[in-house]
Amino acid sequence: MKHIKYAHSYEVIVELPQQLSRLRELTRNFRWTWHHQTRDLFREIDKTLWEQVDHNPVQLVAQLPQARLERLASDTAFCNRLEACANDLEEYLRAPTWFERTFGDAGKKTQIAYFCAEFGISESLPIYSGGLGILAGDHLKAASDLGIPLIGVGLLYARGYFRQYLNPDGWQQEQYQTYDFYHMPLELLRGADDQPIRIEIELPDRGVTCQLWKAIVGRIPLYLLDSNVLENAPNDQSITDTLYGGDEEMRIRQEMILGIGGMRALKVLGIEPTVCHMNEGHAAFQSLERIRQFMEDNKCDFRTARQVIVNGNVFTTHTPVPAGFDVFSPQLLERYVGKMVAAVNMPFADFLKLGRIDPDNQGEAFNMAVLAMETANHVNGVSKLHADVTRGMFQARWPGYPEDEIPIDAVTNGVHIMSWTCRRMSDLFDQYLGPDWRRGVSNPEVWHRIWDIPDNELWEARENKRADLVRFVRKRLQRDLERRNAGRVDFGLINNVLDPRILTIGFARRFATYKRATLMLSDRERLKELLFHPERPIQIVLAGKSHPRDDGGKRLIQDIVKFINQEGGRARMVFLEDYDMRVARALVQGVDVWLNNPRRPMEASGTSGMKVLANGGLNCSVLDGWWDEGYKTGVGWAIGDRTDAPDPGQQDWLDSRSLYYLIEQEIVPKFYNRADGGVPSLWVEMMKRSISELTPIFSTGRMVAEYTEKFYVPASEAFLNLSADSMRRAKAALVWRDKLRAAWPQVKIVKVTDNASTKNPLGFTFTVRASVDLGKLSPDEAKVQILVGQVSGSRDLTQVSVADLQLVSQEDALSIFEGQVTGDMPGHRGYTVRVVPYNPDVSVPSEISLVAWESR
């Protein structure tokens, strides 16, 4: 049939009775996603409808019959709860914050813009695919709790990420549905003329118009760009259609809208960020547009603008392998951003150098992560191990520096505790930890009070949540069977799936091959013995999606489903289709053990295992990502160790043996060894140790505070200092950089002496004296440093510490530096001396990688 297009449009809203008027402010602020009372209020309105609308409160209210609204308005108890929730939100928004207390007046000029390709706020706003988006959503929520002056910038996908279902053979099928933004907790932004606010991005031979939407996440606004407007050609309307869909051209269009369009949207809204945080390389074009705007606003050249902007940019990479970065060919880049590069008066060949690890290698593809690094002085990985791996990948950009000094820091990920903690555990925490656990989620002293909770009460909460998960799984399976038009016999099987009394293991994540979802199937007979042990059985609940173009990941899902359906695993093993935030919550709140077995070190961080912590779940994981730094005896289990076999197949075999052993000899006995009263005391002790020691560390409260103290506030201050006074300091920094590069070839360490003996007692102190020729540089334009460490068998320095030597005199053309070294460790020790540039307005080695080493 012919589809009729509208010629005019208007919006219709539900008129609420006066007694329910405050319901609108609750539905429009995503703070309900971490406020149990408000969630309970929405569920009470209509429990069935609440589930049908994917926990979307706006759609819930819109679909209520007028009679139901009138009954709620006359329900005094409901209206009182509504008033209490609205007052709580109001108090939350007005309360003094950590940021205000910590930074006072110094923080008032700070404004952070956080760019990300996806945001996982709630299943009712399906613009996320997995871990990156969930982390971004948790980042906004924690920023709200802490009062960080931050805004989010992203894309509003008309069809989101795909909905997953499996065909009879267990092969993943993708289904996309179109969403109605007017029925979401969103606001279309309009100007004074009541028309939608629009911005434009130039694509080859045409412009693309985007409109702006706003979501409110507690105190934090999230601005989302949408290209689905009538002014655009049909192909351009679909740019913001699906998340991570389409080909290379679609990806570059989306990333231009995110980065370039995002900065233009902020400009139109009158928002001038002092710091821009690029969460992954998808947003790296932001830096180019930010430089262009700065040049235009301040009438300066590219080099001056870049000198200012790099100090106000932060880049976080989540990718542990080179193949994971977005790369584009020079030809495609020139088509799409050639005009943009010309607008900043930069030769395109020079721009290409900003995206290569080796700037002069013309055969190297343009890497968006490298562009982000070249335009940000603050770069970090998302765990300590991931930062180590990333420094190794990018060491070639800093050829004179040892790998551990490559300027890539680590800020380990966390999760938003209040969003992921179940109501049962929250009530226990309220009773025994007091309200401090909500206000100070990263305070270890608060979480130490977990030991005050009686073992039987903590275990009862765990048992009840496992039962909740079993009920959830059975309802989910029934829904899937109904969708497939299953017969009555099939429904009868549902009540035999899972058992609320059995040790339950969860595994849910993106089904990429390196995550090794089928490791548990390595010995299928041994697995079946564990699943159906007559006295101490286990059960496993799995979920996850594979990228639509990743057939390897789809085969993993198929192998698991075939084992469940055809090889006897059905009653004890379940794969849940269409993994989303709702499924994730049920799993992390209900399982006893969270399983994670990626191929080390390919898991940058992983956050799903962090979500089980406050819910009393225990982790069993490979020592990768966050678990590499979180694991210690008594808080969970480690699969294997930190050694990696050269053959991946051998490593898989070793890890599978370790996994089976842990389940058989450690996990199962502890779970089923019950004292009087049926409480497994050793298991509950591990639960308490895991909650008290890990929860405060691996929270976004700690994470966002760390970003603020290490990056946001220093970056904001540097940006403001360099942009003030007609960029006087930025221009001076550029003059100094030119002087430095010309003078550096003459810098050399002429002589190094010390008064140490061949053998020295522990605790002795000796003096190191370095004679340095600084050429045309003055002593305050360089640092002379001593690097002290243990000497390895290959004569390399290990466990290195760095200290600055002090200028003590000038002798002719030489500068004399001295420092004291204490022999505070036994063994074969050594040191070397180097010279590095120094300027308070230039980040070394992020911007300048020059270094002069003592000749050996």
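The values are calculated or read from the model by the stated rules, or taken from the named source; none is laboratory data. None of these values were measured; they are calculated from a predicted model. Note that we place each Cβ from the backbone using ideal geometry, even for glycine, and neighbour counts take in every protein chain shown. SASA here: full protein model, heavy atoms, side chains in, ligands and nucleic acids out. Shrake-Rupley method; radii C 1.70, N 1.55, O 1.52, S 1.80 Å.
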- Regarding the stretch 388-482, what whole-number volume in Å³ per residue does the convex hull of its Cα atoms give? 179
- Item | Solvent-free Debye scattering, log10 I(q)/I(0), computed from the Cα coordinates of the stretch 282-406 at q = 0.13, 0.18 Å⁻¹ | -0.53, -1.00
- Around GLN362, with a cut-off of 11 angstrom between Cβ atoms, what is the net charge of the other residues, counting Lys and Arg +1 and Asp and Glu -1? -1
- Positive end of the charge dipole of the chain (Lys, Arg +1 and Asp, Glu -1 on Cβ, about the Cα centre): tell me which of ALA614, ALA283, GLN806 has its Cα farthest that way. ALA614
- For ARG829, list long-range residues whose amide hydrogen, built 1.01 Å from N in the peptide plane, is under 5 Å from its own amide hydrogen. VAL791
- Stokes-Einstein translational diffusion, the stretch 138-232 - Kirkwood Rh over all Cα pairs, 1.567 mPa s, 4 °C, in µm²/s: 82
- List ASP652, ASP592, ordered by accessible area with a 1.4 Å probe, largest first: ASP652, ASP592
- Averaged per residue, the 1.4 Å probe accessible area of the chain, protein heavy atoms only, in Å², is roughly 42
- For ASP46, tell me the accessible area in Å² from a 1.4 Å probe, rounded to the nearest 10. 50
- Message: Restricted to Cα positions, what overall size does the chain have along the principal axes? Three whole-Å values, descending.
- Response: 95, 70, 50
- Given charges at beta-carbon only (K, R positive; D, E negative), |dipole| of the chain in Debye: 740
- Packing-wise, with mean Cβ within 10 Å as the measure, how do 380-388, 570-578 rank, highest first? 380-388, 570-578
- Message: Straight-line reach only, C-alpha to C-alpha below 23 angstrom: list the lysines that LYS710 could link to, leaving out same-chain residues fewer than 8 apart.
- Response: LYS108, LYS109, LYS141, LYS384, LYS783
- Tally the DSSP beta bridges in the chain and give the antiparallel ones as a percent, rounded to 5. 60
- With θ set to phi - 60° and the Karplus curve 6.51 cos²θ - 1.76 cosθ + 1.60, what are the ³J(HN,Hα) couplings of the stretch 663-672 in order, to the nearest whole Hz, using x for Gly and Pro? 5, 6, 9, 10, 6, 4, x, 5, 5, 9
- Ratio of Rg to Rh for the stretch 417-574, alpha carbon only, Kirkwood? 1.04
- Query: What net charge do the residues around SER238 carry, taking every other residue with its C-beta under 15 Å from that of SER238, with Lys and Arg at +1 and Asp and Glu at -1?
  - Reply: -2
- Task: Whenever you get a sec, compute what percent of the accessible area on the stretch 784-829 sits on carbon and sulfur atoms (1.4 Å probe).
- Result: 49
- Note on the structure: Here the stretch 363-374 yields Karplus 3J(HN,Hα) values (6.51, -1.76, 1.60; θ = phi - 60°; whole Hz; Gly and Pro given as x) of x, 7, 5, 7, 9, 5, 5, 5, 4, 4, 5, 5
- Message: Using a 1.4 Å probe on the protein heavy atoms only, what accessible surface does ARG516 show? Give it in Å² to the nearest 10.
- Response: 10
- Query: Each residue of the stretch 236-242 in turn: what ³J(HN,Hα) in whole Hz from Karplus with 6.51, -1.76, 1.60 and θ = phi - 60°, glycine and Pro shown as x?
  - Reply: 7, 4, 8, 4, 9, 7, 10
- Query: Of MET393, MET581, which has the most accessible area with a 1.4 Å probe, and how do the rest follow in descending order?
  - Reply: MET393, MET581
- Message: Checking the a/c ratio against 1.5 first, then a/b against b/c, what shape does the Cα gyration tensor give for the stretch 607-721?
- Response: oblate
- Query: If you keep only loop residues by DSSP, which chymotrypsin sites (Phe, Trp or Tyr not before Pro) in the stretch 495-551 have at most 15 other Cβ atoms within 10 Å of their Cβ?
  - Reply: PHE532
- Item | Computed [θ] at 222 nm, helices only, for the chain once each DSSP H run of length n ≥ 4 contributes -39500 (n - 2.57) | -11000 deg cm²/dmol
- Over all viewing directions the Cα convex hull of the stretch 754-856 casts an average projected area in nm² of 7.6
- Give the shape of the stretch 1-153 as rounded, prolate or oblate, defined through the alpha-carbon gyration tensor: a ≥ b ≥ c are the square roots of its eigenvalues, a/c under 1.5 means rounded, and otherwise the shape is prolate if a/b is larger than b/c and oblate if not. oblate
- Note on the structure: Counting all Cα-Cα pairs in the stretch 814-856, those more than 16 Å apart amount in percent to 58
- Query: Amide H neighbours of GLY152 under 5 Å, counting only residues 5+ apart in sequence or on other chains, H built in-plane at 1.01 Å?
  - Reply: TYR114, LEU222, TYR223
- Query: Where both partners of a DSSP beta bridge lie in the stretch 102-180, what percent of those bridges are antiparallel, to the nearest 5?
  - Reply: 55
- Item | Kirkwood-Stokes translational diffusion coefficient of the stretch 68-186, alpha-carbon pairs, 10 °C, 1.306 mPa s, µm²/s | 89
- Largest-first ordering by accessible area, 1.4 Å probe, given options SER815, SER778: SER778, SER815
- Item | 5 angstrom amide H check on TYR838, placed H, neighbours 5+ away | ALA782, LYS783
